[in-house]
Amino acid sequence: MTKMILNADVKLGKISKHIYGHFAEHLGRCIYGGIWVGEDSEIPNTGGIRNDVIDALRQIKIPVLRWPGGCFADEYHWQDGIGPREQRPRMINTHWGGVVENNHFGTHEFMLLCELTGAEPYICGNVGSGTVYEMQQWIEYITFDGDSPMARLRWETGRDEPWKLTYFGVGNENWGCGGHMRPEYYADLFRRYATYVRNFGGNRIYKIACGSNGGDLRWTEVLMREAGRMMNGLSLHYYTVPHTWSKKGSATVFDHSEWFVTLKKALAIDDLIARHSKIMDHYDPQGRVGMIVDEWGTWYDPEPGTNPGFLYQQNTIRDALVAGITFNIFHKHCNRVHMANIAQTVNVLQAILLTEGDKLVKTPTYHVFDMYKVHQDAEAVELVCESGRYQYGEESVPQVTASASRNQAGQIHISLCNLDPEHEAEVNCDLRGMEAGRVTGTALTANAMNAHNTFDQPELVKPQPFDQAVIRGQTLTVKLPPMSVAVLCLE
Ligand code: AHR
């Protein structure tokens, strides 16, 4: 039995909608085929961008989209991606399969994607192999509202008005693929590059420094100490890998022990955020600098038969649990975590969408984004949870994780995950600080741990109305099916 107390009048802070952000890299079939098909394609598109993808992203209210990488960002030279497409230079995408990148999807195409979906752009600049000048010019090209060399270049390439750009990353994984730097060296480079990331006209840039690789606390310490004053955000990357980096495990062929270890590793992001936050609190007690978890999600072995450099993997109800668990943790840390971006949007890693030709599949992870969107920009409220245990062999983790928020209309949303694939979870919740008359809900569950949607069966795993939540007086009781994610609305 899981006991909870909802203190609906105890506010914990605003859950930024940007926690529900996404990431699209020039990697495998994420951009090409997944998002961009070109204007001449027979696949229905708007200015070259797939209409089915636009609709799906609008549906989940995508708040922000990070681009062009990832590791690709530190090899990307933005001027190669503007002007007439057939004349754009080509390059080798050395990180991801060694394929030739034709640069048909560049700044204008990315900004169009953002406009069509309603996402705010988050652009990651090149520190690893790019110059300060190049970065400075990119910002001028995108945002300068007067007459300047870069504004003129933008006019010539078809855009008169500057765009609004808020989020800008100064490099990516500069401890690894972005240049193998030491934190001291990168902190100095950040200070230098960030100096030339200018605010033109009314545009204000939120500068994001490259953060740590998982548990590397020293990186956070050095960055906060040496460059904290010059940044608005510091990133953090964390991937849930069931086994090891060389043998990660399959996305669809796994047993109960792999289910357990995957969810246990997903839960570990809670402690990771807490440890990095402690260092950030020391240097930034006001909580001004946001923690930007701009890459997170599951990472398995690539689907057999696909290019290993393309990181294509299927997505099951297990991934839905990882997403639900992770969002509940982000809500808990909403005062420090200002943004998060799942890796990645289409056809790569924990993708929310999969495509094959003109077909599109919404994965179980997509449905969690759809169900949880009610939390975007809502006020997190206290939900004390004494969970029963989900035991596997000698080990155990909480059976249930949960979080709650109040939206502007006064509705309370509670999201719940039952991690146990074999047992129902009974939840008993005291409702305090509110008078609730009615509860409605939606749940996502499946009959098998590896249940997933395919191009032949695209709706095998999808949310269903949920009637196993009842309010009597000031008590809410819920019967959560095994391996389920549920969102309740109390009003
Ligand atoms: O998301 C795939 C890759 O993972 C990104 O390019 C990189 O930043 C990280 O290592």
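Listed by chain and number, the aspartates and glutamates placed with their C-alpha closer than 16 angstrom to that of residue 3 are 382, 386, 424, 426, 430; residues fewer than eight positions away on the same chain are left out.
Sorted from longest to shortest, the spans of the Cα atoms of the stretch 38-133 along the three principal axes equal 37, 28, 26 Å.
Across the stretch 84-93, rounded Karplus estimates of 3J(HN,Hα) from the backbone phi angles (6.51 cos²θ - 1.76 cosθ + 1.60, θ = phi - 60°) give x, 4, 5, 9, 6, x, 9, 8, 9, 7 Hz, Gly and Pro being marked x.
Charge tally for residue 306 (other residues, Cβ to Cβ under 13 Å; Lys, Arg +1; Asp, Glu -1): -2. Taking the square roots of 5 times each eigenvalue of the Cα gyration tensor of the chain, largest first, gives ellipsoid semi-axes of 37, 25, 22 Å.
Over the chain, DSSP H runs of length four or greater, each weighted -39,500 (n - 2.57), average out per residue to a 222 nm ellipticity of -7500 deg cm²/dmol.
With K and R counted +1 and D and E -1, the other residues having a Cβ less than 14 Å from that of residue 456 yield a net charge of -1. Spin-label pair residue 55-residue 132: with each label point 7 Å from Cα along the Cα-Cβ axis, the two points sit 4.9 nm from one another. The mean sequence separation of alpha-carbon pairs under 8 Å and at least six residues apart, normalised by the residue count of the stretch 217-357, gives a relative contact order of 30 percent.
Mind pulling the angle between the C-alpha long axis of helix 269-283 and the longest principal axis of the chain? Nearest 10 degrees, somewhere in 0 to 90. The angle comes out at about 60 degrees.
Taking every alpha-carbon pair under 8 Å whose residues sit at least 6 apart, the stretch 209-250 reaches a relative contact order of 45 percent.
Computed from the alpha carbon atoms alone, the convex hull of the stretch 228-305 holds 104 Å³ per residue. Of all DSSP beta bridges confined to the chain, the antiparallel ones make up roughly 60%. Among 472-481, 400-409, the peptide with the highest mean count of other Cβ atoms within 10 Å heads the list, and the full ranking is 400-409, 472-481. Taking a threshold of 22 Å on the Cα-Cα distance, which of the pairs 14/373; 14/362; 17/332 fall above it? Correct reply: 14/362. Distance between Cα centroids, the stretch 276-310 to the stretch 445-491: provide it in whole Å. About 27 Å separates the Cα centre of the stretch 276-310 from the one of the stretch 445-491. For the chain, taking a cut-off of 4.7 Å between Cβ atoms, the unpaired cysteines are 30, 114, 124, 210, 334, 385, 417, 429, 489.
Subtracting the Cα-Cα distance of residue 256 and residue 307 from 0.36 nm times their residue separation leaves 15.6 nm of extension gain. Helix 217-227 and the long axis of the chain differ in direction by around 50°, with both axes built from C-alpha atoms. Taking every C-alpha pair closer than 8 Å and separated by at least 6 residues, the mean separation divided by the residue count of the chain gives a relative contact order of 20 percent. For a modelled paramagnetic label at residue 382, 7 Å from Cα along Cα-to-Cβ, the residues of the stretch 429-453 in reach, with backbone nitrogen under 15 Å, are 430-434.
A Cβ-based charge dipole, computed about the Cα centre of the chain with Lys and Arg at +1 and Asp and Glu at -1, lands at about 1080 debye. Each residue of the stretch 393-407 was assigned a 3J(HN,Hα) from its phi angle through the Karplus curve 6.51 cos²θ - 1.76 cosθ + 1.60 (θ = phi - 60°); the sequence is x, 7, 10, 8, 9, x, 6, 10, 10, 7, 7, 9, 8, 10, 8 Hz, with glycine and proline shown as x. For the stretch 1-66, the Kirkwood estimate of the hydrodynamic radius, built from every pair of different alpha carbons, is 14.9 Å. Each label point was placed 7 Å from the Cα along the Cα-to-Cβ direction; for residue 92 and residue 157 their separation is 2.5 nm. Counting only protein heavy atoms and a probe of 1.4 Å, the accessible surface of the stretch 375-491 is 42% carbon and sulfur. Note on exposure: 396, 212 ranked by accessible area (1.4 Å probe, complete protein assembly) read 396, 212, with the most exposed listed first. Hey, if you put +1 on the Cβ of every Lys and Arg and -1 on every Asp and Glu Cβ in the stretch 88-234, which of 206, 97, 108 ends up farthest toward the positive end of that dipole? Value computed over the given set: 206. For the stretch 295-318, the residues whose backbone nitrogen is under 18 Å from a point 7 Å from the Cα of residue 244, taken along Cα to Cβ, are 299-302.
Once both labels are positioned 7 Å from their Cα atoms along Cα-to-Cβ, the gap between residue 10 and residue 462 label points is 4.0 nm.
Applying 1/(1 + (r/R0)^6) with r as the Cβ-Cβ distance of residue 77 and residue 472 and R0 = 45 angstrom yields a FRET efficiency of 0.10.
Of 100, 170, the residue with the largest accessible area leads and the full order is 100, 170 (1.4 Å probe). By the equivalent-ellipsoid construction on the alpha carbon gyration tensor, the stretch 77-207 comes out with semi-axes of 23, 20, 13 Å, ordered largest to smallest. Please work out whether the stretch 319-446 counts as rounded, prolate or oblate from its C-alpha gyration tensor, where a ≥ b ≥ c are the square roots of the eigenvalues and a/c under 1.5 means rounded, while otherwise a/b larger than b/c means prolate and anything else oblate? Oblate, because a/c is 1.5 or more while a/b does not exceed b/c. For residue 247, the lysines whose Cα falls under 17 Å of its own Cα, not counting residues fewer than eight places away in the same chain, are 265. Applying the Karplus relation 6.51 cos²θ - 1.76 cosθ + 1.60 with θ = phi - 60° to the stretch 318-327 yields 3J(HN,Hα) values of 4, 5, 4, 5, 4, 5, x, 4, 5, 5 Hz, where x marks Gly and Pro.
The values are calculated or read from the model by the stated rules, or taken from the named source; none is laboratory data. Nothing here was measured: the structure is a model prediction, and the numbers come from that model. Methodologically, a virtual Cβ is constructed for each residue, glycine included, from the backbone with ideal geometry; neighbour enumeration extends over all protein chains shown. Ligands, DNA and RNA are excluded from the accessible area calculation, which covers all protein heavy atoms including side chains. Shrake-Rupley method; radii C 1.70, N 1.55, O 1.52, S 1.80 Å.
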